[in-house]
Amino acid sequence: MSRLPPFDKYKYYRKAVQAPDTDAEFLYKTYKHLKGRPPKTLREDFCGTFAISCEWVKQKPGLRAFGVDLDPEPLAYGRENYYSKLEPGEQRRLEVLQKNVLDRGLPRADIVAVFNFSCYFFKQRQMMLDYFKNAHRTLNPGGLFVIDSFGGPLCEEPNTDEVKHRGFIYYWDQTYFEPIHRDATFFIHFKRKGERKREKVFRYDWRMWTLPELRDLMADAGFRKTHVFWEGSTKSGAGNGEFRRREKGDDAGAWVAYVIGEK
């Protein structure tokens with residue numbers, strides 16, 4: 001009987017919820033579509049293991065990326081498991097910084113991107129506005145600020161979404177929602193085949209920002225134009241991973257979208 005390798009929470013997180021190669025491609029193509037020219041630099045804020053930054057520099061020669069995060073643990077994981085596998089030339093075009101995304105001296109870039117709903121960490125409007133202003137300040141002229149968002153009535157009540165993957169089950173568990181402040185608490189659990197369920201591997205305490213709020217904040221931060229790229233759905237109603245620019249969304253129980261600000 002073969003034993004399972006030690007549990008690696010970042011490995012299973014990536015398998016369950018991330019597609020960094022697809023994300024990097026989306027950022028490149030969207031910038032080129034909106035601006036009519038290719039981008040050169042990406043700054044990935046709240047980068048965690050900076051997997052997207054690694055995929056960014058792998059796309060094309062000459063592309064450069066900066067990863068910014070305060071937490072040393074995922075940064076160390078990314079260096080050991082992702083950065084170490086890049087070609088020497090790719091490594092030279094990627095810089096990882098253990099800094100606060102609110103710091104004024106962050107590297108300038110054509111694209112500043114925030115994934116995994118990390119902006120929801122900011123619960124107060126002023127703090128979110130301060131961050132959006134910093135993103136605007138550190139973008140190159142004509143740059144794009146890209147954040148992902150989610151919502152819908154299913155995200156305003158306790159519920160658990162269970163997804164089966166090869167060899168394990170992923171659980172997205174919303175345990176709390178408070179409507180006056182729109183505070184919500186989520187957990188990620190995992191269960192590998194032949195093992196007990198691993199509870200509360202990741203925890204998130206967020207404010208459930210709405211799309212109009214996020215667009216208004218971008219406008220107040222100085223962005224001259226905003227767009228919403230809405231995820232399409234399959235016949236069963238699940239997200240299909242394809243995002244198109246829309247001004248009207250679907251009446252969905254849960255949805256995912258990108259909000260993009262143009263400097």
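The values are calculated or read from the model by the stated rules, or taken from the named source; none is laboratory data. Owing to the predicted nature of the structure, the values given are computational and were not obtained by experimental measurement. Cβ coordinates were reconstructed from backbone atoms using ideal geometry, including for glycine residues, and neighbour counts include every protein chain displayed. Just the protein is used for accessible areas: all its heavy atoms, side chains included, with ligands, DNA and RNA removed. Shrake-Rupley method; radii C 1.70, N 1.55, O 1.52, S 1.80 Å.
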Per 0.36 nm of contour for each residue apart, how much would the distance between Q98 and D220 grow if the chain were fully extended, relative to their Cα-Cα spacing? 41.1 nm
Out of I188, I111, I180, a Gaussian network model of the chain with alpha-carbon springs under 10 Å gives the largest mean-square fluctuation to I180
As computed over segment 132-263, the Cα convex hull volume per residue (Å³): 142
Determine the percent antiparallel among the DSSP beta bridges restricted to the chain, to the nearest 5. 70
Excluding ligands, DNA and RNA, the carbon-plus-sulfur percentage of the accessible area of segment 1-133 with a 1.4 Å probe reads 50
Most fluctuating of G142, G167, G151 in the GNM of the chain (C-alpha, under 10 Å) is G167
Among S118, F26, V57, whose Cα sits farthest toward the positive end of the charge dipole of segment 5-129 (+1 at Cβ of Lys/Arg, -1 at Cβ of Asp/Glu, about the Cα centre)? F26
Tensor-based shape of segment 70-191 (alpha-carbon gyration tensor, a/c under 1.5 rounded, otherwise prolate or oblate): oblate
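Given +1 on the Cβ of Lys and Arg, -1 on the Cβ of Asp and Glu, and no further charges, what dipole in debye does segment 149-263 carry about its Cα centre, rounded to the nearest 20?
On the way: 21 positive and 19 negative charges, 144 e Å.
Dipole magnitude for segment 149-263 comes out near 700 debye.
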Sequence-distant aspartates and glutamates (8 or more away, or on other chains) whose Cα lies within less than 13 Å of K11: E80
Remind me, relative contact order of segment 112-162 in percent, using alpha carbon pairs under 8 angstrom and six or more residues apart? 52
Find the accessible area per residue for segment 221-263; the probe is 1.4 Å, ligands and nucleic acids are left out, and the unit is Å². 58
Given an 8 Å cut-off on Cα distances and at least 6 residues of separation, report the relative contact order of the chain as a percent. 15
Which peptide among 117-130, 58-71, 83-96 comes first, and what is the full order, when sorted by highest mean count of other Cβ atoms within 10 Å? 58-71, 117-130, 83-96
Hey, quick one: spin label on D8, modelled 7 Å out along Cα-Cβ, who in segment 49-85 has an amide N within reach, i.e. under 16 Å? 49-52, 74-85
Proximal lysine pairs, segment 34-185, alpha carbons under 17 Å, eight or more residues apart or interchain: 6
Quick one: if you stick a label point 7 Å off each Cα along the C-beta vector at N140 and R244, how many nm between them? 3.1
Using 0.36 nm per residue, how much length does the chain from L211 to R37 gain when fully extended, once their Cα-Cα distance is taken away? 59.9 nm
Each label sits 7 Å from Cα toward the beta-carbon; between A19 and K60 the label points are separated, in nm, by 2.1
Cα gyration tensor shape of segment 201-263, rounded if a/c is under 1.5, else prolate or oblate by comparing a/b with b/c: oblate
Within the set T30, T41, T175, GNM on the chain using Cα springs under 10 Å gives the largest fluctuation to T175
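Given only helices, namely DSSP H runs of n ≥ 4 each adding -39500 (n - 2.57), what is the per-residue ellipticity at 222 nm of the chain, to the nearest 500 deg cm²/dmol?
After summing the helix terms and dividing by the residues of the chain, the value is -8000 deg cm²/dmol.
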With +1 at each Lys and Arg Cβ and -1 at each Asp and Glu Cβ, the charge dipole magnitude of the chain around its Cα centre, to the nearest 20 debye, comes out at 840
